[in-house]
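See structure below.
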C-alpha cells in the first residue's frame, strides 16, 4: 500500500481538492482513515457534533489536519443533497433532502475489468433508450464502478412532486429490472471469478459513495470519472494516483432529461418510501434493516435467503393455489425472516453493504391469513414489507434467476413441491412448525436435493 504521506500529498493538490469539494457540496461527508484492524469512519466533526460537510476549502483542510496522524485515506459523500448540514437533527427531516443521485453500484474485480465495463455499458445503453445520456457519467471506484445520473437531470417540478429518494431509488431499480437478464448472462459467460460479481441498488437514506479523486480504501487507485461514450476505452492506468485521467464533465446535465424515466420508474417500483412519491410527513426517519437478496452472481451457491423464499412460495402455492401471489409471498417471508434475524443480532443497526433498509413505518392496507400467520398485502394483492411491494418479477430476479444459473428453476420448483407434500397440511399452516420441521433441517442442504432431482431427470431423459 502506498506510503500514507504520498496519500496526503495527493490530497494537497489543488485540482484534487476542487473536485472533491465540488462533488461533496451539500452532501454528508465521511472520512475513512488508514486501514488497520477493521474500518474506521468519521462522519461528524466531534462527538454529538454536526455532520461532516465541505462548504469550502478551509473545511476540507481542517478535517485533513485534524486526523492527519491517523492518515486520511478515503473520502465519501452521501447520495442525498441537503438544504442544511449544521446539526445532527438535519438528517431526521425528510424535507431537508433536496436532491438524490441515482447510482448503480457495479462491484467487480481487477482480474476481469471487461466484465465490469460490459455490464456498465448495458445499463448506460438502457438509460439512453429512456432518454438519459448527457446527464450520465461513470466513476471507477477501485475494483468496480459507479454509474451516476446527475441529480439535476430531474426538474424542479418533478422533485416538487416526488421525494428525491423516491426518484433515485426507483430509477436505479427500474433500470436494473430491465437489464438484469443481459447482465446475468454476461456474468455467467465470464466463468470463474476471483470474487463475486454484483450489480446493486444501494440507494438509501444514509448511503455514501466514494468521492471523485478519492483513494480507494485498500487499493492504490483513485476514483476517476469519465463519460459513457468512453466506457470501452477505460484502462486501469486512468486511476493511477500519479497520472490519473479524470473527466470534469461529470458536472454536465440537462434539466428534465430524466423526468420521463423517473415517472415510469416510480409508477412501476413504487418509490423508496412505497408511497409513490408522496412525502411521509414524518419528522423522523425510522429505519429497520432488511436482509434482501443482492443482485449477485456466484456460480454454484444458493444461500438461505433463496431457500427460504423458495420454500415459502411453494408453501403458499400448496395452501392457496395461486402461483404469482405465491412468488410474492415467498420473497416477502424471506425478507421478513432476514430482517428479524438481523434485528435480533444487530439490534437494528445501520445498514451494511449486504443489507437493504426499507421500512420507515408500518402502513399497510390489509392482511392475508396463511395458516396461523398473517402477512400484509396491498390493494393489488401483492405482499409488502417495509412499505416495499414484493412482486413476482422481483421473485424471479432475486430468487428464480439465481437458481436458474445452477439448475432449471422448473426442476427446483417441482422438487420443492414434492418435498413439502411429505408434510401434513397442519405443518404447512403453522408458522413455527414450518420453520422448525420444513426449513431448518434443509436450509444449508436443500440445493443438494434439487441437484439430485436434476441429475435423475437427466438420466431418465437419456434413457428415453
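The values are calculated or read from the model by the stated rules, or taken from the named source; none is laboratory data. For clarity, every value in this text was computed on a predicted model and none was experimentally measured. Cβ sites come from the backbone with ideal geometry, for glycine too, and all protein chains shown count toward neighbours.
Per-structure values
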item	result
Residue identified as under 28 Å from residue 236 (Cα atoms), modelled with pLDDT of 95 or more and touching a strand residue (DSSP E or B) at 6+ places or on another chain (Cβ under 6 Å) among 106, 16, 79	79
Residue 67 being surrounded by 13 or more Cβ atoms within 10 Å (Cβ to Cβ) and at pLDDT 95 or above	no
Residue check, residue 38 surrounded by 14 or more Cβ atoms within 10 Å (Cβ to Cβ) and modelled with pLDDT under 95	no
Pair list, Cβ under 6 Å, 6 or more apart: segment 118-135 residue surrounded by fewer than 17 Cβ atoms within 10 Å (Cβ to Cβ), other residue in a helix (DSSP H, G or I)	131/260
Residues of segment 164-179 satisfying the condition of being over 18 Å from residue 146 (Cβ atoms) and surrounded by fewer than 23 Cβ atoms within 10 Å (Cβ to Cβ)	177, 178
Residues that are in contact with a helix residue (DSSP H, G or I) (Cβ under 8 Å, 6 or more places away or on another chain) and assigned to a helix (DSSP H, G or I), drawn from segment 1-17	8, 10, 16, 17
Among (1) farther than 23 Å from residue 402 by Cβ; (2) touching a strand residue (DSSP E or B) at 6+ places or on another chain (Cβ under 9 Å), the one test that residue 173 misses	(1)
Qualifying residue in segment 51-67 (condition: under 19 Å from residue 250 (Cα atoms) and either in contact with a helix residue (DSSP H, G or I) (Cβ under 8 Å, 6 or more places away or on another chain) or in a helix (DSSP H, G or I) (or both))	yes
Residue 144 vs. criteria over 17 Å from residue 228 (Cα atoms) and either surrounded by 20 or more Cβ atoms within 10 Å (Cβ to Cβ) or within 19 Å of the chain's Cα centre (by Cα) (or both)	no
Lone qualifier among 72, 102 - being over 26 Å from residue 171 (Cβ atoms) and either more than 18 Å from the chain's Cα centre (by Cα) or touching a residue at least 24 places away in the same chain (Cβ under 8 Å) (or both)	72
Conditions (1) modelled with pLDDT of 95 or more; (2) touching a strand residue (DSSP E or B) at 6+ places or on another chain (Cβ under 6 Å): number failed by residue 252	(2)
Scope segment 221-244; condition in a loop (DSSP other than H, G, I, E, B), buried (at least 16 other Cβ atoms within 10 Å of the Cβ) and more than 25 Å from the chain's Cα centre (by Cα); matching residues	241, 244
Segment 18-35 - residue that is touching a residue at least 60 places away in the same chain (Cβ under 8 Å) and in a helix (DSSP H, G or I) and, of those, surrounded by the fewest Cβ atoms within 10 Å (Cβ to Cβ)	22
